[in-house]
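The structure appears right after this line, and notes come after that.
Nothing in this text is a laboratory measurement; each read-out follows from the coordinates by a stated rule. Note that the structure is predicted; figures quoted are calculated from it, not measured. Neighbour counts are summed over all protein chains in view; Cβ atoms, including those assigned to glycine, are modelled from backbone coordinates with ideal geometry.
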There are 2 protein chains.
Amino acid sequence: MDKSKSTTICDCHPIHNDIIEKVKNVMPNDEKLYDLAELFKVFGDTTRIKILHALSESEMCVCDIAVLLNMKQSAISHQLRVLRQARIVKFRKEGKIVYYSLDDEHIKNIFEQGFSHIEHK
Amino acid sequence: MDKSKSTTICDCHPIHNDIIEKVKNVMPNDEKLYDLAELFKVFGDTTRIKILHALSESEMCVCDIAVLLNMKQSAISHQLRVLRQARIVKFRKEGKIVYYSLDDEHIKNIFEQGFSHIEHK
DNA sequence: TGCACATATGAACAACTATTCATATATATG
DNA sequence: CATATATATGAATAGTTGTTCATATGTGCA
């Protein structure tokens, strides 16, 4: 997994060693950066973004989300699993109906930062 | 592209029509949500996250980034193109060396929000 | 108990993505 | 001008991902 320590893959020579060292010293470990990329990956899909936007307005059941987005129930269910595993949404069961909602207020913030970036262009 | 208006794909029945309507009414248009997903997609890759973290510390040239991450120069160059097209990084040329830096302070914020989400678990 | 409905899930497939290799372009230097 | 170096880019490929289909599980109700 982490071949950066054993083998040299890079095919070019450093130009500013001081900058490379400085940046290397403050770089978080690989696992943390990997987790961060994984988090953003979850946001990086239109269907999931739509689901998250919907849930930021109201708790919703799987069926209603499928109707709202006009998609197959199973497609929604698969995506909700991804969101669940990333701990971005939580759920509660009421009989045979499962209601999903955002797990964390952080999510809304990330969302809004994203929006204000694209607005800004 | 937008089949949601013409064809019905969904295979299940609405349960709470009031909620569906309410959420539908505040939903941004498809294009905006698509752009948002595209933005996060760019953050959703370990290599690009590492590049962005590096650039959040210091302007860097392509070569030095490749050395820092121990990756092929062309791999870095391809990823920098993705970041450039998303207007997340900018660059300046000095002779044959090209220096990249973050285009926007927003980027750091999105980054930090992401970090505080994964820290929180 | 049997049927209808809400949700979940595994397998298959098509579409997309990141890296590599080979090579092109541009600039500095002998 | 010839060479070395920094960067960019097109094509190929391996790996990943989102949706669909078929089906399983679980709950409520007649």
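Any idea what the relative contact order of chain A is, in percent, if you count C-alpha pairs under 8 Å spaced at least 6 apart? Numbers along the way, then the final one.
Values: 71 pairs, mean separation 23.7, N = 121.
Worked out over chain A, it gives 20 percent.
Pairing the Cα long axis of helix B:46-57 with the longest principal axis of chain B, what angle in degrees results, from 0 to 90 and rounded to the nearest 10? Result, in degrees: 60.
Between helix B:73-85 and chain B there is an angle of about 50 degrees, using the helix long axis and the longest principal axis of the Cα atoms.
Partner chain Cβ atoms within 10 Å, averaged over the residues of B:25-35 - can you pull that number for me?
Values: counts 1, 5, 6, 4, 0, 2, 0, 5, 7, 3, 8.
Partner Cβ neighbours, averaged per residue: 4.
The simple spin-label model puts a point 7 Å past each Cα toward its Cβ; for B:Lys96 and B:Asn17 those points are separated by 7.1 nm.
Extent of the protein assembly as shown along its three principal axes (Cα atoms, max minus min coordinate, largest first): 62, 33, 26 Å.
For chain B, the longest principal axis of the alpha carbon atoms and the long axis of helix B:17-26 meet at an angle near 40°. For chain B, the extents of the C-alpha atoms along the principal axes are 61, 35, 23 Å, listed from largest to smallest.
Peptide A:68-81 shows a mean partner chain C-beta count of 3 within 10 Å per residue C-beta.
Axis-proximal residue of chain B for the rotation onto chain A, reported as residue and distance in whole Å: B:Gly44, 2, based on Cβ position. Between A:Ile118 and B:Met27, the modelled label-to-label distance comes to 1.4 nm, taking each label 7 Å out from Cα in the direction of the beta carbon. Modelled label positions at B:His106 and B:Ser56, each set 7 Å beyond Cα in the direction of Cβ, lie 1.6 nm from each other.
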